[in-house]
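The values are calculated or read from the model by the stated rules, or taken from the named source; none is laboratory data. Computed from a predicted model, the values in this text were never measured in an experiment. For neighbour counting, all protein chains shown are included, and Cβ atoms are generated from backbone atoms with ideal geometry for every residue, glycine included.
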């Protein structure tokens with residue numbers, strides 16, 4: 001999660017990294033970047049490394065979207081409070097692979113992977129879901145496969161239609177709540 005103030009910097013590729021206190025080991029190679037209370041982009045993690053606070057330099061300031069090391073240090077101290085020069089920080093560099101404000105409406109899942117849809121739904125609209133829908137989505141976050149999830153959850157490959165129905169439902173809700181936006185077809189309004 002990032003501050004809303006970083007949205008434009010992330011989407012313009014001015015901010016290509018995030019620095020977190022401690023040793024952080026990302027679970028996935030691709031992540032959804034959240035800022036300003038909503039998902040803004042899908043990114044591929046390109047590099048993860050660790051440095052002590054005193055070792056962070058101009059390069060880290062620049063990929064974080066700051067003009068100087070001083071600006072970076074000021075922000076880290078503001079966010080994390082009392083930090084020491086020997087405290088470890090994780091630098092996570094990323095590359096935007098998909099912006100979530102102009103998704104292609106021609107694709108049945110708007111260009112998103114099933115696991116991306118599941119993660120977004122579980123994070124933002126889980127209170128609107130049944131327990132079965134949550135179970136389906138949790139499995140999709142692990143498998144990224146409609147077929148595999150049908151077998152895991154229903155013990156029946158022929159239940160893929162139920163998995164697809166859940167994905168279409170949560171996509172519709174995500175669009176209705178402006179959590180993701182579709183690119184309008186030329187000459188028409190994009191609707192789900």
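Residues are listed down the side, and each one gets a yes or a no for (1) closer than 27 Å to residue 37 by Cα; (2) under 22 Å from the mean Cα position of the chain (by Cα); (3) assigned by TED's automatic domain parsing to the domain that holds residue 28; (4) at pLDDT 95 or above:
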residue: 129; (1), (2), (3), (4): yes, yes, no, yes
residue: 140; (1), (2), (3), (4): yes, yes, no, yes
residue: 158; (1), (2), (3), (4): no, no, no, yes
residue: 171; (1), (2), (3), (4): yes, yes, no, yes
residue: 191; (1), (2), (3), (4): yes, no, no, no
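Checking the condition in contact (Cβ under 8 Å) with a residue 24 or more places away in the chain, on the phi > 0 side of the Ramachandran plot and not assigned by TED's automatic domain parsing to the domain that holds residue 164, which residue from 81, 65 passes?
65
What are the pairs, 6+ residues apart or on separate chains, where a residue within the range 171-190 that is closer than 17 Å to residue 137 by Cβ has its Cβ under 6 Å from a residue that is modelled with pLDDT under 75 and surrounded by 11 or more Cβ atoms within 10 Å (Cβ to Cβ)?
What qualifies is 172/192; 175/192.
If residue 7 satisfies every condition in (1) outside any helix (DSSP H, G or I); (2) surrounded by 15 or more Cβ atoms within 10 Å (Cβ to Cβ); (3) at pLDDT below 90 but one, which is the exception?
(1)
Take residue 150 and tell me if it is surrounded by 15 or more Cβ atoms within 10 Å (Cβ to Cβ) and over 16 Å from the mean Cα position of the chain (by Cα).
Yes: the conditions hold for residue 150.
Which count do you get for residues in the range 58-67 that are surrounded by 15 or more Cβ atoms within 10 Å (Cβ to Cβ) and in a loop (DSSP other than H, G, I, E, B)?
3
Do we find a residue being part of a strand (DSSP E or B), over 30 Å from residue 169 (Cβ atoms), at pLDDT 95 or above and over 22 Å from the mean Cα position of the chain (by Cα) anywhere in the range 76-85?
no
Look at residue 117 and say whether it is surrounded by 12 or more Cβ atoms within 10 Å (Cβ to Cβ) and not in a helix (DSSP H, G or I).
no
Would you pick out the residues in the range 28-57 that are surrounded by fewer than 18 Cβ atoms within 10 Å (Cβ to Cβ) and more than 12 Å from the chain's Cα centre (by Cα)?
36, 46, 47, 48, 49, 50, 51, 52, 54, 55, 57
Looking at the range 1-52 only, could you name the residues that are free of Cβ contacts under 8 Å to residues at least 40 places away in the same chain and in contact with a helix residue (DSSP H, G or I) (Cβ under 8 Å, 6 or more places away or on another chain)?
Listed by number, the residues that qualify are 2, 35, 36, 37.
From (1) in contact with a strand residue (DSSP E or B) (Cβ under 6 Å, 6 or more places away or on another chain); (2) loosely packed, with under 12 Cβ neighbours inside 10 Å, pick out the condition that doesn't hold for residue 20.
Every condition holds for residue 20 apart from (2).
All but one of (1) outside the structural domain of residue 28 (by TED's automatic domain parsing); (2) under 30 Å from residue 22 (Cβ atoms); (3) in contact (Cβ under 8 Å) with a residue 24 or more places away in the chain hold for residue 110; which doesn't?
(2)
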